[in-house]
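Please read the structure below before turning to the comments.
The values are calculated or read from the model by the stated rules, or taken from the named source; none is laboratory data. Computed from a prediction, not measured in an experiment: that's the story for all the values here. All Cβ positions, even for glycine, are placed from backbone atoms using ideal geometry, and neighbour counts span all protein chains on display.
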């Protein structure tokens with residue numbers, strides 16, 4: 001796993017933890033933060049914006065329409081790909 | 001021989017549809033006998049052969065006994081018995097099944113039947129096929145949907161007609177109380193005297209004295225009493241106003257622009273099902289509105305009649321006037337299986353653009369008029385708006401024809417997800433844009449909102465590059481506030497000019513409840 005992907009996953013895990021959602025390291029990659037219902041729309045957008053600021057990337061809206069990208073591991077992979085293509 | 005037991009105590013609708021069926025059966029060489037409750041005028045019955053009057057029965061069993069007695073007395077050998085009545089149900093059918101080999105029920109109330117064949121022409125959109133599912137017998141067959149609507153032959157091939165552009169038609173069907181409509185008609189006669197107004201007065205109509213008085217003072221008002229067939233009136237009128245009832249399919253067959261209301265329980269329909277038939281303007285309680293408001297809507301519809309004509313052109317469910325013939329042929333042949341009307345899809349003629357592989361966006365068209373309102377009034381949308389009450393149906397129709405919004409709908413597989421709109425205003429030589437979006441489905445999530453806002457800002461930047469966006473966002477709506485902040489909207493609290501413009505454009509938004517923001 002690339003360093004950036006690992007960092008992204010950890011950032012999301014920390015974001016969740018700060019909102020009282022604890023997800024084990026072993027489960028975090030497969031954790032679906034939309035299906036789990038732990039974050040509302042505002043929190044999800046806050047998460048995206050915080051990742052944008054932290055990693056200097058712009059997340060296009062199309063990326064989050066794909067339900068698969070609500071899984072933390074998939075989101076991290078997509079953001080790494082996005083970063084690499086820029 | 002085929003016997004038809006038809007209820008004539010609750011309007012003429014049941015009798016008329018059975019009459020058109022009987023005429024088709026006669027054309028196929030069948031002998032048909034009618035059993036009715038009341039004496040019917042000659043003009044209704046003259047093409048029919050045997051009509052027998054039954055005595056009033058207090059119970060279903062008693063009526064069944066009366067029918068059997070009549071068959072015996074007249075020495076009628078009945079192969080098939082068609083029943084069309086709200087008074088008689090499975091109890092009557094069960095009794096008659098002891099005496100007649102085959103019973104066929106005509107219904108539109110989704111009741112349980114014992115009949116071997118049930119005919120129900122009601123269109124209930126995607127639920128049409130599941131009507132009767134819970135009570136159907138294994139051996140029972142069904143003809144369901146408007147393909148089996150039994151109309152006069154006059155409704156065949158009559159969609160392309162020359163219409164008057166100055167003729168209104170009012171009808172309440174075979175009966176109806178004209179009291180409340182009289183004031184509306186008087187207002188029309190005075191406000192739009194250039195319109196000829198035809199009133200179709202059914203044989204069981206009440207409160208018609210005032211209409212006769214009104215006709216004496218207005219030569220453009222014609223009272224047409226119990227006409228044999230309404231087809232030519234439908235075909236020639238500019239706009240029909242009246243009770244829905246059986247007129248629904250006749251209006252659809254003739255593609256007549258119409259404004260209807262309900263005066264009986266069986267005239268209550270889901271608006272989506274009416275939309276499928278091209279019938280977009282049905283307000284169940286229309287005649288309870290103040291007459292001035294009804295007049296306002298009628299005038300708005302007349303001013304936009306060409307748009308309403310187009311709305312009727314491309315419909316999901318067509319009425320071809322062949323229903324009675326279709327049913328007659330199926331009754332007299334061996335029916336292999338149940339048949340159900342299917343709706344056409346892809347009817348909206350609008351350019352789609354793909355925002356993702358599965359999400360499309362297109363301009364809102366007139367055929368969206370009811371879906372747009374239904375979405376706007378969803379509880380999850382209403383609280384975010386500057387006007388939190390439900391938008392009234394009549395007000396919506398009037399607004400629809402007058403509004404200058406650029407409106408779009410985001411869809412997944414043709415199902416609306418959300419509506420988005422923007423509108424340009426020029427104030428003191430500066431262009432301003434306002435806009436909004438609201439969900440049409442529970443499936444809408446943060447990503448769709450983000451996607452559509454992103455599209456809208458790019459679109460308006462291209463179309464109106466010099467315009468300034470101004471908006472008000474409910475302070476409680478943290479998500480949309482953040483979404484707009486991300487998109488570059490900033491508070492305009494310190495900009496007196498933009499604040500004044502925004503307050504002018506959103507007069508119902510208070511500074512206490514809403515954030516005032518702008519972009520550009």
- Query: Between residues in the range B:490-502 that are within 16 Å of residue B:475 (Cβ to Cβ) and residues that are buried (at least 20 other Cβ atoms within 10 Å of the Cβ) and modelled with pLDDT under 95, which pairs lie under 8 Å by C-beta distance while being six or more apart or on different chains?
  - Reply: B:502/B:509
- Task: Tell me which residues, restricted to the range B:361-396, are at pLDDT below 95, within 14 Å of chain A (Cβ to nearest Cβ) and not in a helix (DSSP H, G or I).
- Result: B:384
- Note on the structure: Among (1) under 26 Å from residue B:359 (Cβ atoms); (2) at pLDDT 90 or above; (3) more than 14 Å from chain B (Cβ to nearest Cβ), residue A:52 falls short only on (3)
- Query: Which ones in the range A:29-48 are within 10 Å of the chain's Cα centre (by Cα) and not in a loop (DSSP other than H, G, I, E, B)?
  - Reply: A:32, A:44, A:47, A:48
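So which helices (runs of 4 or more DSSP H) are wholly in the range B:31-124 and hold at least 3 residues that are without any contact (Cβ under 8 Å) to a residue 60 or more places away in the chain and farther than 17 Å from residue B:6 by Cβ? Let's see the steps before the verdict.
Numbers: elements: B:42-45, B:60-73, B:90-96.
In the range B:31-124, the matching helices (runs of 4 or more DSSP H) lie at B:60-73, B:90-96.
Conditions (1) crowded, with 16+ Cβ neighbours inside 10 Å; (2) touching a strand residue (DSSP E or B) at 6+ places or on another chain (Cβ under 6 Å); (3) farther than 19 Å from residue B:54 by Cα; (4) at pLDDT 95 or above, marked per residue:
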site: B:69; (1), (2), (3), (4): no, no, no, yes
site: B:75; (1), (2), (3), (4): no, no, no, yes
site: B:93; (1), (2), (3), (4): yes, yes, no, yes
site: B:109; (1), (2), (3), (4): no, no, yes, no
site: B:114; (1), (2), (3), (4): yes, no, yes, yes
site: B:119; (1), (2), (3), (4): yes, yes, yes, yes
site: B:124; (1), (2), (3), (4): yes, no, yes, no
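Surrounded by fewer than 18 Cβ atoms within 10 Å (Cβ to Cβ), touching a residue at least 24 places away in the same chain (Cβ under 8 Å) and within 14 Å of chain A (Cβ to nearest Cβ): which single residue out of B:358, B:332 fits that description? Break it down stepwise before answering.
On the way: B:332 fails: within 14 Å of chain A (Cβ to nearest Cβ).
Being surrounded by fewer than 18 Cβ atoms within 10 Å (Cβ to Cβ), touching a residue at least 24 places away in the same chain (Cβ under 8 Å) and within 14 Å of chain A (Cβ to nearest Cβ) holds for just one of B:358, B:332, which is B:358.
Out of everything in the range B:188-203 that is surrounded by fewer than 16 Cβ atoms within 10 Å (Cβ to Cβ) and touching a residue at least 24 places away in the same chain (Cβ under 8 Å), what residue ends up being farthest from residue B:230 (Cα to Cα)? Reasoning before the result, please.
So in the range B:188-203, the residues surrounded by fewer than 16 Cβ atoms within 10 Å (Cβ to Cβ) come out as B:190-191, B:193-194, B:203.
Pick out the ones that are also touching a residue at least 24 places away in the same chain (Cβ under 8 Å) and you get B:191, B:193-194, B:203.
Values: B:191: 26, B:193: 23, B:194: 23, B:203: 14 Å.
The selected residue is B:191.
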- Has the range B:37-50 got any residue that is buried (at least 17 other Cβ atoms within 10 Å of the Cβ), within 23 Å of residue B:116 (Cβ to Cβ) and touching a strand residue (DSSP E or B) at 6+ places or on another chain (Cβ under 7 Å)? no
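Just to check your reading of the model, which residue among B:309, B:282 is at pLDDT 95 or above, under 18 Å from the mean Cα position of the chain (by Cα) and over 15 Å from residue B:199 (Cα atoms)?
On the way: B:309 fails: at pLDDT 95 or above.
Checking each option against the conditions leaves just B:282.
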- Query: All but one of (1) outside any helix (DSSP H, G or I); (2) over 23 Å from residue B:357 (Cβ atoms) hold for residue B:480; which doesn't?
  - Reply: (1)
- Query: Across the range A:25-48, what is the number of residues that are within 17 Å of residue A:5 (Cα to Cα) and surrounded by fewer than 16 Cβ atoms within 10 Å (Cβ to Cβ)?
  - Reply: 4
- Check residue B:410 against each of (1) buried (at least 18 other Cβ atoms within 10 Å of the Cβ); (2) within 14 Å of chain A (Cβ to nearest Cβ); (3) in a helix (DSSP H, G or I) and name the one condition it does not meet. (3)
- Task: Considering each of A:12, A:21 in turn, give the residue that is free of Cβ contacts under 8 Å to residues at least 24 places away in the same chain and either under 10 Å from the mean Cα position of the chain (by Cα) or away from chain B (no Cβ under 14 Å) (or both).
- Result: A:21
- Task: Scan (1) outside any helix (DSSP H, G or I); (2) at the interface with another protein chain (Cβ under 9 Å from one of its Cβ atoms) for the single condition residue A:57 breaks and write down its number.
- Result: (2)
- Filter the range B:487-520 for residues that are surrounded by fewer than 17 Cβ atoms within 10 Å (Cβ to Cβ) and within 23 Å of residue A:48 (Cα to Cα); which is nearest to the other protein chains (Cβ to nearest Cβ)? B:487
- Checking residue A:75 against (1) assigned to a helix (DSSP H, G or I); (2) free of Cβ contacts under 8 Å to residues at least 60 places away in the same chain; (3) within 14 Å of chain B (Cβ to nearest Cβ); (4) surrounded by 18 or more Cβ atoms within 10 Å (Cβ to Cβ), which single condition isn't satisfied? (2)
- Inside the range B:486-511, the number of residues satisfying the requirement of being outside any loop (DSSP other than H, G, I, E, B) and at pLDDT below 95 is 1
- Message: If residue B:368 satisfies all but one of (1) crowded, with 19+ Cβ neighbours inside 10 Å; (2) touching a helix residue (DSSP H, G or I) at 6+ places or on another chain (Cβ under 8 Å); (3) in contact (Cβ under 8 Å) with a residue 40 or more places away in the chain, what's the number of the condition it fails?
- Response: (2)
- What number goes with the only condition from (1) crowded, with 19+ Cβ neighbours inside 10 Å; (2) within 14 Å of chain A (Cβ to nearest Cβ) that residue B:435 does not pass? (2)
- Identity of the residue in the range B:20-32, buried (at least 21 other Cβ atoms within 10 Å of the Cβ) and in contact with a strand residue (DSSP E or B) (Cβ under 8 Å, 6 or more places away or on another chain), that ends up nearest to residue B:67 (Cα to Cα): B:32
- Query: Between a first residue in the range B:268-294 that is closer than 13 Å to residue B:125 by Cβ and a second residue that is in a strand (DSSP E or B) and modelled with pLDDT of 95 or more, which pairs have beta carbons less than 9 Å apart while being 6 or more apart in sequence or on different chains?
  - Reply: B:269/B:282; B:271/B:282; B:274/B:260; B:274/B:282; B:279/B:258; B:279/B:260
- Please go through the range B:444-471 and pick out each residue that is away from every other protein chain (no Cβ under 14 Å) and not in a helix (DSSP H, G or I). B:464, B:465, B:466, B:467, B:468, B:469, B:470, B:471
- Message: Given the criteria within 26 Å of residue B:360 (Cα to Cα), away from chain A (no Cβ under 14 Å), free of Cβ contacts under 8 Å to residues at least 24 places away in the same chain and outside any helix (DSSP H, G or I), does residue B:423 qualify?
- Response: yes
- Message: Could you go through the range B:459-474 and let me know if any residue there is more than 14 Å from residue B:423 (Cα to Cα), surrounded by fewer than 18 Cβ atoms within 10 Å (Cβ to Cβ) and modelled with pLDDT under 95.
- Response: yes
